[in-house]
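Okay, structure first, notes after.
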């Protein structure tokens, strides 16, 4: 009878599996829709222009690829070189991007391509989307950048400085992250908060990647890692937010003091505010209501931080392998109803797997519908 009872229990458990409860974040949230697929190149940066165009960056620092490195995305896999075909020769590895309050496009160029043996030549590129021309180029050199620098993302504040101030994240290829501050009028740049805890990897940080756990290791990286990566600007440009990649915390500081060349490092460090834990953050998008939408690598989704600091997981999907940069989809002056996001597979690059390419094409562009 005991054997019969056990068989009965086993049969019942097998027949009941279809209705068993699951951990909800492992399933799709249902509001993620694939809009574009790319097989040859991995998109990273994305901006939405006032005229409706979306611009994508296709960096070459990790792997070279055919086609444009900066392009207008016309839906699906259709691309048009931006600002034009001839200008592609002036770009090496475009990465992070932003649009300022005047509608101009600012692009980070890493200045290095895969296999390049010459020193990197990082720069900030300013493009006028009205004329489709590069109107200014700001080269970054020592001591503003180091040999191990990895300039990553950018935000532009037009309320401080004669012509405004640009803030750039230097994630660092090793252990020397910082924020870079560019005075647009003079073209002079400064390196601030270098190696400060607010821009650095958290000691002992452990991250989930493709179902495995890896510990931050600057000597032998097994996953994308480093210091300050995603940065965001409040709607009124009064405050800059940033998050170290190998961390789960968000920080901020007033742009008034960060843009002030007379502010000492002590002043700057004292002005930094720890905004608390948010997740493993890549790209940050600021909505019209001052909410921050953050690409969360570990949750394979997007986290919303409301102006009062409350957090909510607005999207999650197993296809969001390495959620990257965010731009508005449909937006009014008061709200945003959808986000467009690039999805990479950075953790699957050969550099993290003893030379083996673990990527599975295609790379994706997705739309995330937000609840009203």
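Coordinate-derived values only; no laboratory data. All of these numbers come straight from a predicted model, not from anything done at the bench. Don't worry about glycine lacking a Cβ; one is built from the backbone with ideal geometry, like all the others, and counts go over all protein chains shown.
With R₀ fixed at 30 Å, the C-beta to C-beta distance from residue 118 to residue 175 puts the FRET efficiency at about 0.80. Label zone (residue 270, point 7 Å along Cα-to-C-beta; backbone nitrogen cut-off 17 Å) within the range 185-199: 193.
Shape of the range 22-166 from its Cα gyration tensor (a ≥ b ≥ c, root eigenvalues): rounded if a/c is under 1.5, otherwise prolate when a/b > b/c, or oblate?
On the way: a/c = 1.45, a/b = 1.29, b/c = 1.13.
The shape class here is rounded.
Subtracting the Cα-Cα distance of residue 298 and residue 220 from their residue separation scaled by 0.36 nm leaves 26.1 nm.
Identify which of 66, 318, 350 has the largest mean-square fluctuation in a Gaussian network model of the chain, with springs joining Cα atoms closer than 10 Å. Answer for the Gaussian network model of the chain: 66.
Which of the peptides 320-331, 110-121 is most tightly packed, and how do the rest follow, judged by the mean count of other Cβ atoms within 10 Å per residue?
On the way: 320-331: 22.8, 110-121: 14.8.
Per-residue Cβ counts within 10 Å, averaged per peptide and sorted highest first, yield 320-331, 110-121.
A full extension of the chain between residue 185 and residue 148 corresponds to an added length of 10.6 nm, given 0.36 nm per residue minus the alpha carbon distance.
Alpha carbon centre of the range 18-52 versus the range 269-302: separation in Å? Answer, in whole Å: 18. Once you order the gyration tensor axes a ≥ b ≥ c over the Cα atoms, which shape class does the range 58-126 get: rounded for a/c under 1.5, otherwise prolate or oblate by comparing a/b with b/c? It comes out oblate by the Cα gyration axes. By the gyration tensor of its Cα atoms, with a ≥ b ≥ c the square roots of the eigenvalues, what is the shape of the range 250-372: rounded for a/c under 1.5, prolate for a/b over b/c, or oblate? Oblate, because a/c is 1.5 or more while a/b does not exceed b/c.
The simple spin-label model puts a point 7 Å past each Cα toward its Cβ; for residue 235 and residue 357 those points are separated by 4.4 nm. Between residue 78 and residue 26, the simple label model (points 7 Å from Cα in the Cβ direction) yields a spacing of 4.0 nm.
If you line up the long axis of helix 2-15 against the longest principal axis of the chain, both from Cα atoms, how many degrees apart are they, to the nearest 10? Orientation of helix 2-15: about 40 degrees from the principal axis.
Ranked for footprinting exposure by Cβ neighbours inside 10 Å, fewest first, 214, 38 give 214, 38.
Relative to one another, the C-alpha centroids of the range 149-201 and the range 105-119 are positioned 17 Å apart.
For n ≥ 4 DSSP H runs only, could you compute -39500 (n - 2.57) per run for the chain, divide by its residues and tell me the 222 nm figure to the nearest 500? Can you show the working numbers first?
Working: 3 runs with 25 residues, N = 372.
About -2000 deg cm²/dmol.
Shown for 33, 65: other C-beta atoms within 10 Å of each C-beta, ranked fewest to most, produce the order 33, 65.
Length gained on full extension, residue 213 to residue 312: 33.3 nm, using 0.36 nm per residue less the C-alpha separation. Only one of (i) 21.1, 65; (ii) 22.7, 76; (iii) 21.5, 88 was calculated from the structure for Rg and Dmax of the Cα atoms in Å, and its label is (iii).
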